[in-house]
Each structure stands twice: as structure tokens, then as C-alpha cells.
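The values are calculated or read from the model by the stated rules, or taken from the named source; none is laboratory data. All figures in this text were calculated on a predicted structure; none of them were measured in a lab. FYI the Cβ positions are ideal-geometry reconstructions off the backbone, even for glycines, and counts take in every protein chain you see. Just so you know, the surface numbers come from the protein's heavy atoms only, side chains and all, with ligands and any DNA or RNA stripped out. Shrake-Rupley method; radii C 1.70, N 1.55, O 1.52, S 1.80 Å.
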Amino acid sequence: MNDSTSPSGPGRPKDLAKRQAILDAAKNLFVRHGYANTSMDAVAAEAGVSKLTVYSHFTDKDTLFSCAVVARCEEQVPELFVDVPMDAPVEKVLLGIARGFQTLINSPESIDLHRLMITLGTQGSSLSQVFFEAGPQRILQEMERFLTKLNGTHGLHFDSPASAAGHFLSLIKGVCNFRLLIGAGETPDEQTGEQHVREVVALFMKAYRVQEAP
């Protein structure tokens, strides 16, 4: 292996390119082979560095896994809520968020990662919490912030933006995502996916629209 860099001592900057190579290797190997079947030696070989270099960047396997999961989530979570125009038609904005979230959760990368975390969850691993905070919780919080800004405008009212955010995202996932997770379905085509998000947005707006007094 071509790895002539010695472990970084105090004040010595670590090799960022090698750190990224280690993370890339870990992201692929953990998802491909699972947590238990991925060794630090395998990650080092995949990254083209020594095991000593892996440990110099990530002190143990749990730390490496946690960093890899966070990195994977940051790559997969699209910028759904950046520069959302509050004066735009609300249906159009919600459709944009719904399309982006549907594409994310039904992607092969997302399905593989969720399956891995479900396996770890059945083993009582605390690493599942790392995944939840880096991925699902982050999206939930962003959706809650968006609905909080939206609250009281466009004829919509949310007693609890947090609950409404959970309802919206769960509706987008629907049965299709569950079928994909258990290997009993296929990724919907563009027409089917579009029909689903439009139905969800229409249902969501109807549920939270302020009722006019008779």
C-alpha cells in the first residue's frame, strides 16, 4: 500500500485527502458488507492506506462508522429547504419538497443504508441514534421550521408544525418505500411517483386548511 505518511503528532495537520479516502471506503464497505463484517483492515486496504493511518484519523471502529454514516447522510440529504420562497404558491413549494424527498428515500443508496441501520437497531446498537440524528431527524427539523414559517399564511394552520412535518414526510414515504425496504417492490416510474406526491400534497393542504365560518 502506498502510505508513507506517519501518524499525525501534536500540531501536525492530518492528510485530508487520506481522511476522505478512508471515509469513502468506509461508506461503501459498511453498506455493502454490514457493520460486523467490515474490519478496519478492510477499510485500510480499500482506501489504500495503512491501518495505522485509519486509526490516526478515526480512533476506533465505532467512530469511523459514525463519521461514515454522517457523511453519507450529508451527501444524500438534498437542500430541500434552501431559499424556499415564502411568497410562492404553497402547493408548488410543497410539491418541490415532496419530489425531492421521494427521490431521496427511494434511492438504492438510501434503501441500503436504512436496511443496515435496521439490522443494527435489532442488535441494540447505539449507532442507530447517530444515523437518526444525521438523517431523518435533520429532515424532520427542517420541515418543521418551514411549516412554522408557513403557519397562518396561505390559509393553512398547524397546531403543531412538528407533528404536521412528521405526517407530511410519512405520507410521502407511504407503502412504496416500505415495499422497497423489504425487497417486495420496485422504484416507481416518473408518472406514478408524480401522481403520489400530488395526492399527498392535496391531502395535506386539505387537512390543514383553515375552515371558514359558515
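Helical runs (DSSP H, four residues minimum) scored at -39500 (n - 2.57) apiece and divided by the length of the chain put the mean residue ellipticity at 222 nm at -21500 deg cm²/dmol. Across the chain, Cα pairs under 8 Å and at least six residues apart give a relative contact order of 19 percent.
Only one residue of Asn177, Thr148, Val69 has its Cα farthest out toward the positive end of the dipole of the chain, where Lys and Arg carry +1 and Asp and Glu -1 on Cβ, and that residue is Val69. Summarising the label geometry, the points placed 7 Å from Cα in the beta-carbon direction at Thr148 and Asn28 lie 4.0 nm from one another. Placing a label point 7 Å from the Cα of His157 along the Cα-to-Cβ direction, the residues of region 196-211 whose backbone N falls under 13 Å of that point are 208-211. Taking GluC sites (Glu not before Pro) as exposed when their DSSP state is a loop state and no more than 13 other Cβ atoms lie within 10 Å, the longest site-free interval of the chain runs over 80-185. For Leu156, nonlocal amide neighbours, meaning residues 5 or more places apart or on other chains whose placed amide H falls under 5 Å from its own, are Val210.
Would you look at the GNM of the chain, springs on alpha carbons closer than 10 Å, and say which of Gln191, Gln20, Gln129 moves the most? Answer for the Gaussian network model of the chain: Gln191. Comparing Cα centroids, region 56-78 and region 21-38 end up 10 angstrom apart. The modelled label-to-label distance between Leu16 and Glu194, using points 7 Å beyond Cα along the C-beta direction, is 4.1 nm. Only Lys, Arg, Asp and Glu carry charge here, each on its Cβ (+1 for the first two, -1 for the last two); on that basis the chain has a dipole of about 340 debye about its Cα centre. Ile182 exposes around 100 Å² of accessible area when a 1.4 Å probe is run over every protein chain in place.
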